[in-house]
Amino acid sequence: MSAIQIKTPEELALMRESGRLLAQVFAHLDGFIKPGVSTLAIDREVERFIVEELKARPASKGQYDFPFCLNTSINDVICHGMPSESDVLREGDIVNCDITLEKNGFIADSSKMYLVGEVSAAASKLVKGTYEALWKGIRLVRPGAHLGDIGFVIEQFAKKQGYSVVQEYCGHGIGREMHEEPQVLHYGRRGTGVKLRPGMVFTIEPMINQGVRHNTTDEDGWTVRTRDGKLSAQWEHTIAVTETGYEVLTLREEERLAGLG
C-alpha cells in the first residue's frame, strides 16, 4: 500500500474537474464520429477541443513517445490503436476512443465505444455487454472491498455472455501521473488483492473479446489486435473511492441522466 497515492480532498477536487472536462470531450465527439471520418481527423479534433476550448492538455500526446492525443481502436483492435489518415470509419464499425486529459496537474482517463451507423446485432451485443461489465465492477467499489472482487465479477459476467477477458492489459491508479499503483485486473478471485481505502483513485477499463482472449501486436509496436480476428470492445472510467462507496470522476451527462454513477 505504500506505493499507492491516497488523494487529499483538495486533490480530489482537481481530479473531479479534469474528469468533468474529459466528459465534455466525449460529448463533443458524439456529433463528430460518423462514417467517412478518419481516425486522424478524430485525433486532430480532440486536440483542438481540449487545447482551445477546454484550456487543458491532451495527456497521452508524448507519453511513452506516443505521437497522438487518443487511441482509436476499430473492430478487432483491442487497444492502443493509432490514428491514421487511411483508417476511415465505415458503416458497421465499432470504435473505441480512449482519451486522457490533464488540468491543473491531474489526469483523468476514460474511453467510450461508438457504433458507426448501423452495426450487426453481434457487435452491438458485445459493446453493450462490455459496458455492463464495467458497471458491475464499478458498483463493487467501496472501502474494505478488494480489487479481486472487481476482477472476479467482470470476468464471470463476460464468461456468461460467451466472451473472454483480455489479461495482458489492465486498469491502473491515476493522479499526477497517468499510470500509478495499483494495477486493476479485470479477472481474479474474490477477497484477494489490494483492499480499497477512501482517497484511492484508479481506472476500471475491461477489454472483452468476442472470441479468445489472446492477442497480437502490429509492427507499429502499439496496435493490439485479437489473435482470431474477432471483435473486441472496451469502456473505461476513472473512479475515486469515497468514505461510503465510489464516485465516477469521468461520468458523462447521458450516464448522469440515466441514473448511473
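The values are calculated or read from the model by the stated rules, or taken from the named source; none is laboratory data. Bear in mind that the values here come from a model prediction, so they are computed numbers and not experimental data. Every residue, glycine as well, gets a Cβ built from its backbone with ideal geometry; the counts of neighbours run over all protein chains shown.
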> Is at least one residue of region 192-208 buried (at least 18 other Cβ atoms within 10 Å of the Cβ), closer than 25 Å to L14 by Cα, of a type in the set (G, A, S) and in contact with a Pro (Cβ under 9 Å, 6 or more places away or on another chain)?
Replying inline: yes
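Each row is one residue, and each column tells you yes or no for (1) among the hydroxyl-bearing types (S, T, Y); (2) touching a residue at least 40 places away in the same chain (Cβ under 8 Å); (3) part of a loop (DSSP other than H, G, I, E, B); (4) more than 21 Å from Y169 (Cβ to Cβ).
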{"residue": "S18", "(1), (2), (3), (4)": "yes, yes, no, yes"}
{"residue": "F32", "(1), (2), (3), (4)": "no, no, yes, yes"}
{"residue": "V51", "(1), (2), (3), (4)": "no, no, no, yes"}
{"residue": "F68", "(1), (2), (3), (4)": "no, no, yes, no"}
{"residue": "S73", "(1), (2), (3), (4)": "yes, yes, no, no"}
{"residue": "C97", "(1), (2), (3), (4)": "no, yes, no, no"}
{"residue": "A108", "(1), (2), (3), (4)": "no, yes, no, no"}
>> Please pick out the residue among T203, T244, T250 that is among the β-branched types (V, I, T), in contact (Cβ under 8 Å) with a residue 40 or more places away in the chain, more than 19 Å from M82 (Cα to Cα) and not in a loop (DSSP other than H, G, I, E, B).
In response: T203
>> For the condition within 26 Å of C170 (Cβ to Cβ) and surrounded by 21 or more Cβ atoms within 10 Å (Cβ to Cβ), what is the one hit in I42, I6?
In response: I42
> When you look at P35, is it of a type outside the set (A, V, I, L, M), surrounded by fewer than 16 Cβ atoms within 10 Å (Cβ to Cβ) and modelled with pLDDT of 95 or more, yes or no?
Replying inline: yes
> What is the residue count in region 112-123 for residues that are of a type in the set (D, E, K, R) and either in a strand (DSSP E or B) or buried (at least 21 other Cβ atoms within 10 Å of the Cβ) (or both)?
Replying inline: 1
> Only one of D109, D87 is of a type in the set (D, E, K, R), over 19 Å from the mean Cα position of the chain (by Cα) and buried (at least 18 other Cβ atoms within 10 Å of the Cβ); which?
Replying inline: D87
> Do you know which of the residues in region 75-84 that are more than 19 Å from V25 (Cα to Cα) and in a loop (DSSP other than H, G, I, E, B) is farthest from the chain's Cα centre (by Cα)?
Replying inline: S84
> What residue, of Y131, Y187, Y169, is part of a loop (DSSP other than H, G, I, E, B) and touching a residue at least 60 places away in the same chain (Cβ under 8 Å)?
Replying inline: Y169
